[in-house]
Amino acid sequence: MKKQTPGLSDAYALSTPKDSRRLYADWAGSYDQDFAAGQDYLLPGLTAKAFAAAGGKGPVLDVGAGTGLCGQALQALGVGPVDATDISPEMLAEALRKDAYRDVIEADLLEGIPVPRSAYRGVVSSGTFTHGHLGPGVLPALLRAAAPNALFALSVNAKFYEKAGFAGAFDRLLRGQWIKNLTLPELRIYGPRATGAHKNDTALVALFQKV
């Protein structure tokens with residue numbers, strides 16, 4: 001019996017790091033064709049454009065890089081160097097094939113990222129903060145990796161933003177003067193060829209700077 005290809009509903013149902021590793025190990029080889037191309041997945045390119053348009057510069061950390069679609073888009077925009085981090089070694093292997101990254105770092109964001117403090121002038125993330133197990137609790141680890149005045153462009157599924165507590169987390173970071181200049185443009189995640197229950201989903205791209 002042929003094994004069923006994973007899909008978006010599986011990704012939205014993730015609840016633990018172990019679940020993530022298992023799903024993306026199965027999905028890595030078919031992700032770009034079956035999901036990204038098949039569902040007209042716009043978000044990685046739009047997140048990269050938002051980062052570049054706001055003046056983002058390298059070195060950049062691509063968080064939850066997956067197969068490297070956002071890094072590839074950054075490269076096309078002339079932004080670099082870019083390092084990738086993801087929980088899935090299989091997804092990172094696909095990302096490496098795109099030749100868009102200086103380095104790849106396997107890491108569980110809930111346990112931190114093994115990079116030097118203040119190593120990056122930019123941090124991007126596309127599609128990582130959806131309906132899975134990752135929420136605003138990982139923001140301190142991302143801020144630790146960023147240099148003062150580093151620019152962030154973090155996409156968060158709009159339906160997940162309030163539910164997961166991102167609004168409150170960003171408010172606390174602003175009041176504590178950890179971040180500044182927060183804006184939240186809303187973008188479509190998928191293009192007109194998308195199908196299924198999530199085809200009209202949108203994401204808020206949290207654009208801000210570390211103080």
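The values are calculated or read from the model by the stated rules, or taken from the named source; none is laboratory data. What you see is a predicted model, and the numbers here were worked out from it, not measured in a lab. When we count neighbours, we look across all protein chains shown, and the Cβ atoms used for this are built from the backbone with ideal geometry, even at glycine.
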In the stretch 66-113, residue farthest from Q39 (Cα to Cα) [restricted to those that are of a type in the set (S, T, N, Q) and part of a helix (DSSP H, G or I)]: Q75
From the options G80, G56, residue that is crowded, with 22+ Cβ neighbours inside 10 Å, more than 13 Å from the chain's Cα centre (by Cα) and at pLDDT 95 or above: G56
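Here is a yes/no grid of residues against (1) more than 24 Å from A145 (Cβ to Cβ); (2) among the β-branched types (V, I, T):
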position: F170; (1), (2): no, no
position: L184; (1), (2): no, no
position: I189; (1), (2): yes, yes
position: P192; (1), (2): yes, no
position: K199; (1), (2): yes, no
position: A203; (1), (2): no, no
Lone unmet requirement of (1) touching a His at 6+ places or on another chain (Cβ under 8 Å); (2) in a loop (DSSP other than H, G, I, E, B) for P116: (1)
Hits in the stretch 107-124 - residues which are surrounded by 15 or more Cβ atoms within 10 Å (Cβ to Cβ), at pLDDT 95 or above and not small (G, A, S): I113, V115, Y120, R121, V123, V124
Single residue of the stretch 184-211 satisfying the filter (farther than 17 Å from L143 by Cα and of a type in the set (V, I, T)) that is surrounded by the most Cβ atoms within 10 Å (Cβ to Cβ): I189
Filter result (on the phi > 0 side of the Ramachandran plot and not hydroxyl-bearing (S, T, Y)) within the stretch 95-139: D99, G112, G127
